[in-house]
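This report concerns only the one structure given below.
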Amino acid sequence: MAEAPALEIVRTAGQLRLRLDGWRRDGHAIGLVPTMGGLHEGHLALVRRSAEATARTVATLFVNPKQFGPGEDFETYPRDEERDVRLFAGAGAHLVYAPGVEEIYPPGAVTQVSVPGLGDMLEGQCRPGFFTGVATVVAKLFAQAMPDRAFFGEKDFQQLQVIRRMAADLNFPIAIEGVPTVRQDDGLALSSRNAYLSKDERKIAPALYGTIRAVAERVAAGGGPAEEAARGERRLLEAGFAAVDYLTVRDALTLQPVPELFGDSGAPARVLAAARLGDTRLIDNVAV
Ligand code: PAF
């Protein structure tokens, strides 16, 4: 395989702005792919999509402390900059922005971006403060880079909706694009946290996708969302999941519970779930 070309890394917002101003002057549309590293094919699909849709792709590497709660895996989150930069280069990125914590949160910084409603339910309820951490860091990355487009995985479907809301509410003139989830052959959605699964847990993990897909199919065929969700939850526990944080059928835009196939916004419903396998928490979602 051909060596990917060396990729420039900038570490300050000033350097980033200088590089991007030059590209903008040359008339290039800029795509932004925010990541926390620990890259897998799901992230690379975002970079490839950005490289297809825009002339210049900036990938960011920043493990955002503000989106980890007490007892979560901030300290142990996979960090391997050399590997990540090589993978970004191979997927077609043009620049990596890898700021230190003080570049994003300078001493004295207190301003936060929260997205009430959308950001308080589901993941937001299970992980208080999570979406405020995400919305704050993404707003800062948007303000620093001011890209034309930004790319996020549908794997984190609620995050995608929170970011869309935040970008609209704060008047960022940035097109937000969701990119379909990348899965292993057995259906398991790629996630940096899959690395935490034991061999036995890994065998059980695809049941999450199998179950939400079955729920989506039954709802599409006329089953009641609440009943089908409850049936799905039982199926996950039988498959060996230790606990189900939620398995629910929601309006795809507002994420409000839906009584039937189409929600209050007229968007088709989405099945979203989070479940625990040993110490690992997996999330996934599918369209109905
Ligand atoms: O999805 C992620 O990896 C993170 O939540 C994001 C969007 C990069 C913000 O830190």
Net charge dipole size for the chain [Lys, Arg +1 and Asp, Glu -1 on Cβ; Debye, nearest 20]: 300
Protection-proxy order for peptides 112-123, 183-194, each taking the mean of Cβ atoms within 10 Å per residue, highest first: 112-123, 183-194
Solvent-accessible area per residue, Å², over the chain with all protein chains present [probe radius 1.4 Å]: 47
FRET E, pair Ser114, Asp186, Förster distance 41 Å, beta-carbon r, rounded to 0.05: 0.65
Principal-axis tilt of helix 225-239 within the chain, Cα atoms, nearest 10 degrees: 90
For segment 183-288, with +1 on Lys and Arg beta carbons and -1 on Asp and Glu, the positive-most of Val215, Ile283, Ala205 along the dipole: Ala205
Span from the segment 108-151 Cα centroid across to the segment 206-233 one, whole angstrom: 30
Total charge dipole magnitude, segment 1-91, about the Cα centre, Cβ charges on Lys, Arg, Asp, Glu only, Debye to nearest 20: 460
Cα-Cα pairs of segment 1-126 separated by more than 21 Å (percent): 49
Computed helical MRE - 222 nm, the chain, DSSP H runs ≥ 4 contributing -39500 (n - 2.57), nearest 500: -11500 deg cm²/dmol
Unit charges at the beta carbon, dipole of the chain: most positive-side option, Gly22, Tyr97, Thr12: Gly22
Potential lengthening between Glu52 and Ala267 on full extension [0.36 nm per residue; Cα-Cα distance subtracted]: 74.7 nm
Rounded percent of accessible protein surface that carbon and sulfur make up, segment 168-288, 1.4 Å probe: 51
Pair Thr76, Ala221: separation of 7 Å Cα→Cβ label points (nm): 4.1
Dimensions (Å) - the chain, Cα atoms, principal axes, largest first: 55, 41, 38
Point-to-point label distance, Ala98-Gln125, nm (Cα→Cβ direction, 7 Å offset): 3.9
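The values are calculated or read from the model by the stated rules, or taken from the named source; none is laboratory data. This one's a predicted model, so the numbers in the text were calculated from it and none came from an experiment. All Cβ positions, glycine included, derive from the backbone under ideal geometry; neighbour counts span all protein chains shown. Side chains are part of the model used for accessible areas, which takes the heavy atoms of the whole protein and leaves out ligands, DNA and RNA. Shrake-Rupley method; radii C 1.70, N 1.55, O 1.52, S 1.80 Å.
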